[in-house]
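The values are calculated or read from the model by the stated rules, or taken from the named source; none is laboratory data. Since this is a predicted model, take the numbers as computed values, not measurements. Note that each Cβ is placed from the backbone with ideal geometry, even for glycine, and that neighbours are counted across all protein chains shown.
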Ligand SMILES: Cc1cc2nc3c(=O)[nH]c(=O)nc-3n(C[C@H](O)[C@H](O)[C@H](O)COP(=O)(O)OP(=O)(O)OC[C@H]3O[C@@H](n4cnc5c(N)ncnc54)[C@H](O)[C@@H]3O)c2cc1C
């Protein structure tokens, strides 16, 4: 990697000429605000924040930075959980927060073209009038650019796929300032190398997304939520595999451990008991289809020994349940104000999910470590939330985290199902990817020879 140069007053003048005085700041309050995302990683403030308002702003900023060898880190809204957006080497923080326009709704094609800074919740609020929505849902109001860059997924992946499955075309600014289009609005594409999916998940290390055309789906006519509590973690997890194997297509299939259920109940009063619990959602085009599915789910849960099953088609109740689920991390933090938390994320093939959870339970039993479990179980994805107060407890949490990641990889899974590599998962890349990591390095050198784009991420 090239040695980087400092952001001088001359560079600030040039950046100001590109984006205008209203869209640049070196104020410490602004820099500190964007020094760290929602992760546990150490903050590092950028030297300057530049708010792009157009693709041309992004392109010209990158060209300047590349010529001057200054690092550039893209910023969505900083909800990442792996330090993905921390400006590890300082330099320019290129914020997309002001690029929030919906450029065009292609309602007949079930597509929308947007700027990268729009929040997915804000986008869906606008799309409601077309009866359409963008399915990936990471809970937080993450930006579309940040979601694509991290290949974010969330609760609906089990039915609708992750961000990578819901994007067709993007405009991307490369490190040297070139603006290129990747992908197409055609659902089928077999034309040349798949650069679209090379950029998706690259965490702003290969280019900066300036526009994206997304796939949409019709808002389902009929929706239900099912909450099933189990006497043991094993029973709950085996039920996940059974539901997935039944041919039913849940739109969400989430596991929540007993501790979390008690906290959600205390905070939101959503009828939970302190047991390992599955939250499920089903979508259907007809009421009959929905009811038929609910009968099967109930049968499966009963067979697997569920201690209680509650199904509802009431929208308000369903939304209340999901609100509680989405706020689970905040609720956990509020319940233990003296603790800090780090959230880790691994994913395995669904058949290996029971073995993974069993291993996490074993780690919990064998170590004096505070951890809770919550996960997008239907995708074989789990988040272990470690709480700590002292440096020793933090070190222990990291040691346990390492063991869990290694086990997930050994089970045929991955070091990160949806949060991305960022800073926290870089050390596992050689283990997971072997020689393929050299190919990734070669791609990085080709697209960003001076290494200015989000340096310090992905590669150990
Ligand atoms: C409470 C909570 C719950 C969460 N739950 C989930 C979940 O269920 N599933 C899930 O997947 N994630 C989840 N996340 C993580 C987070 O929401 C996602 O990682 C999200 O993708 C981050 O988006 P952002 O806009 O905040 O991006 P940022 O955090 O600002 O940036 C993320 C990465 O994207 C890069 N980037 C940002 N914009 C662009 C762009 N336009 N072009 C290129 N690179 C860019 C940044 O440099 C960085 O590497 C959760 C986070 C929180 C706080």
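Numbers for the structure displayed
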| read-out | value |
| --- | --- |
| Filtered residue count, the stretch 65-104, keeping only those that are surrounded by 19 or more Cβ atoms within 10 Å (Cβ to Cβ), away from the ligand (no atom under 12 Å from the Cβ) and farther than 21 Å from residue 36 by Cβ | 3 |
| Conditions (1) out of contact with any strand residue (DSSP E or B) (no Cβ under 9 Å at 6 or more places or on another chain); (2) surrounded by fewer than 19 Cβ atoms within 10 Å (Cβ to Cβ); (3) under 29 Å from residue 152 (Cβ atoms): number failed by residue 6 | (3) |
| Those strands (runs of 3 or more DSSP E) lying entirely in the stretch 241-342 with at least 2 residues buried (at least 21 other Cβ atoms within 10 Å of the Cβ), touching a helix residue (DSSP H, G or I) at 6+ places or on another chain (Cβ under 7 Å) and modelled with pLDDT of 95 or more | 252-256, 277-284 |
| Index of the failed condition, residue 209 passing every other in (1) closer than 19 Å to residue 156 by Cβ; (2) within 23 Å of the chain's Cα centre (by Cα) | (1) |
| Top-ranked residue of the stretch 215-240 - restricted to ones that are touching a helix residue (DSSP H, G or I) at 6+ places or on another chain (Cβ under 6 Å) and within 20 Å of residue 162 (Cβ to Cβ), ranked as modelled with the lowest pLDDT | 240 |
| Qualifying residue in the stretch 207-228 (condition: closer than 30 Å to residue 60 by Cα and not in a strand (DSSP E or B)) | yes |
| From the options 347, 307, residue that is more than 15 Å from residue 377 (Cα to Cα) and in contact (Cβ under 8 Å) with a residue 12 or more places away in the chain | 307 |
| Test: residue 412 is out of contact with any strand residue (DSSP E or B) (no Cβ under 9 Å at 6 or more places or on another chain) and in contact (Cβ under 8 Å) with a residue 40 or more places away in the chain | yes |
| Members of the stretch 368-399 that are more than 16 Å from the ligand (Cβ to nearest atom), in contact with a strand residue (DSSP E or B) (Cβ under 7 Å, 6 or more places away or on another chain) and assigned to a helix (DSSP H, G or I) | 394, 397 |
| Top-ranked residue in the stretch 78-107 [being touching a residue at least 40 places away in the same chain (Cβ under 8 Å) and not in a loop (DSSP other than H, G, I, E, B); ranked as farthest from residue 122 (Cα to Cα)] | 92 |
| Residues of the stretch 158-180 that turn out to be outside any loop (DSSP other than H, G, I, E, B) and either surrounded by fewer than 22 Cβ atoms within 10 Å (Cβ to Cβ) or more than 8 Å from the ligand (Cβ to nearest atom) (or both), as a count | 14 |
| Qualifying residue in the stretch 119-132 (condition: within 10 Å of the ligand (Cβ to nearest atom), surrounded by 17 or more Cβ atoms within 10 Å (Cβ to Cβ) and without any contact (Cβ under 8 Å) to a residue 60 or more places away in the chain) | yes |
| Residue list for the stretch 136-149, restricted to those being more than 6 Å from the ligand (Cβ to nearest atom) and surrounded by fewer than 24 Cβ atoms within 10 Å (Cβ to Cβ) | 137, 141 |
| The lone exception for residue 196 - which of (1) over 24 Å from residue 420 (Cβ atoms); (2) touching a helix residue (DSSP H, G or I) at 6+ places or on another chain (Cβ under 9 Å); (3) surrounded by fewer than 24 Cβ atoms within 10 Å (Cβ to Cβ) it fails | (1) |
| Total residues in the stretch 21-41, condition without any contact (Cβ under 8 Å) to a residue 12 or more places away in the chain and either within 15 Å of the ligand (Cβ to nearest atom) or in a loop (DSSP other than H, G, I, E, B) (or both) | 2 |
| Residue pairs meeting the criteria (Cβ under 6 Å; at least 6 apart or on separate chains; first farther than 15 Å from residue 213 by Cα, in the stretch 157-168; second assigned to a helix (DSSP H, G or I)) | 157/379; 158/378; 158/379 |
| The stretch 192-221 residues that are away from the ligand (no atom under 16 Å from the Cβ), paired with ones that are part of a helix (DSSP H, G or I) and modelled with pLDDT of 95 or more (beta carbon under 7 Å, 6 or more apart) | 215/166; 216/127; 217/160 |
| Selection within the stretch 114-148 - part of a strand (DSSP E or B) and within 22 Å of residue 78 (Cα to Cα) | 114, 119, 137, 143 |
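Yes/no matrix, rows are residues, columns are (1) within 16 Å of the ligand (Cβ to nearest atom); (2) surrounded by fewer than 17 Cβ atoms within 10 Å (Cβ to Cβ); (3) in a loop (DSSP other than H, G, I, E, B):
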{"position": "406", "(1), (2), (3)": "no, yes, no"}
{"position": "419", "(1), (2), (3)": "yes, no, yes"}
{"position": "427", "(1), (2), (3)": "no, yes, no"}
{"position": "445", "(1), (2), (3)": "no, yes, no"}
{"position": "450", "(1), (2), (3)": "no, no, yes"}
{"position": "458", "(1), (2), (3)": "yes, no, yes"}
